[in-house]
Ligand code: HEM
């Protein structure tokens with residue numbers, strides 16, 4: 001049979017641990033960190049969903065409806081990327097670990113480089129979709145061909161490959177790998 005003393009001690013320790021957790025959660029810094037983290041992950045899911053949506057649309061018939069949907073998806077993709085950049089920068093500045101934790105880590109800069117790479121590659125599909133849209137509005141029969149769509153899918157594939165490296169860098173840098 002267990003003695004009462006260790007049980008009381010365990011209870012006291014549990015209360016202390018609970019109150020410490022509350023103190024930590026009540027601190028503005030940690031709540032900001034949690035909220036920014038939620039926003040960061042949500043923006044990533046939205047961005048990836050839109051990339052997949054564009055990929056699926058580019059596998060369809062290159063007609064007027066698909067062009068309109070692609071234009072909307074690409075606009076939303078751009079907006080989601082802007083939100084992600086904004087939230088990411090806020091995480092660096094207002095996150096619980098302080099900005100030096102990231103800015104002094106080469107893995108953070110590799111992550112930024114990969115993200116910049118995704119952004120640069122995504123310029124090609126955006127420009128092409130705008131050109132196709134303009135041409136189609138000027139002349140309703142002017143539509144891209146199936147091979148035009150296939151060529152654009154290749155750019156999306158490059159974006160997806162670059163994108164896949166980002167969570168690897170994120171997981172490493174978040175745990176301090178890369179810091180001297
Ligand atoms: C300008 C763009 C971005 C900036 C400045 C940025 C910055 C940050 C920061 C400061 C953290 C916090 C790490 C920690 O907990 O200490 C983080 C986490 C994370 N980021 Fe980003 N990020 C950006 C874009 C992205 C993108 C595009 C992805 C796409 C997958 C991504 C994926 C992640 C993931 C998965 C985590 C969580 C890592 C973990 O806790 O294991 N980030 N990011």
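Summary of values
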read-out: Boolean, residue 58 is buried (at least 17 other Cβ atoms within 10 Å of the Cβ), over 16 Å from the mean Cα position of the chain (by Cα), more than 15 Å from residue 170 (Cα to Cα) and in contact (Cβ under 8 Å) with a residue 12 or more places away in the chain; value: yes
read-out: Qualifying residue in segment 84-92 (condition: more than 9 Å from the ligand (Cβ to nearest atom) and out of contact with any strand residue (DSSP E or B) (no Cβ under 6 Å at 6 or more places or on another chain)); value: no
read-out: Tally, over segment 132-180, of residues that are part of a helix (DSSP H, G or I) and within 20 Å of residue 64 (Cβ to Cβ); value: 15
read-out: Output for segment 77-105, where each listed residue is in contact with a helix residue (DSSP H, G or I) (Cβ under 9 Å, 6 or more places away or on another chain), closer than 18 Å to residue 178 by Cα and in a helix (DSSP H, G or I); value: 92, 101, 102, 103
read-out: Neighbours by Cβ (under 9 Å, 6+ apart or cross-chain): first from segment 35-53, over 15 Å from residue 89 (Cβ atoms) and free of Cβ contacts under 8 Å to residues at least 24 places away in the same chain; second assigned to a helix (DSSP H, G or I) and within 8 Å of the ligand (Cβ to nearest atom); value: 42/87
read-out: Failed condition for residue 180, given (1) modelled with pLDDT of 95 or more; (2) out of contact with any helix residue (DSSP H, G or I) (no Cβ under 8 Å at 6 or more places or on another chain); (3) more than 9 Å from the ligand (Cβ to nearest atom); value: (1)
read-out: Positions within segment 69-78 being without any contact (Cβ under 8 Å) to a residue 40 or more places away in the chain and either under 22 Å from residue 139 (Cα atoms) or within 12 Å of the chain's Cα centre (by Cα) (or both), in sequence order; value: 69, 72
read-out: Only listed residue being at pLDDT below 95 and more than 16 Å from the ligand (Cβ to nearest atom), chosen from 96, 12, 68, 73; value: 12
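The values are calculated or read from the model by the stated rules, or taken from the named source; none is laboratory data. Source: prediction; values computed, not measured. Neighbour counts are summed over all protein chains in view; Cβ atoms, including those assigned to glycine, are modelled from backbone coordinates with ideal geometry.
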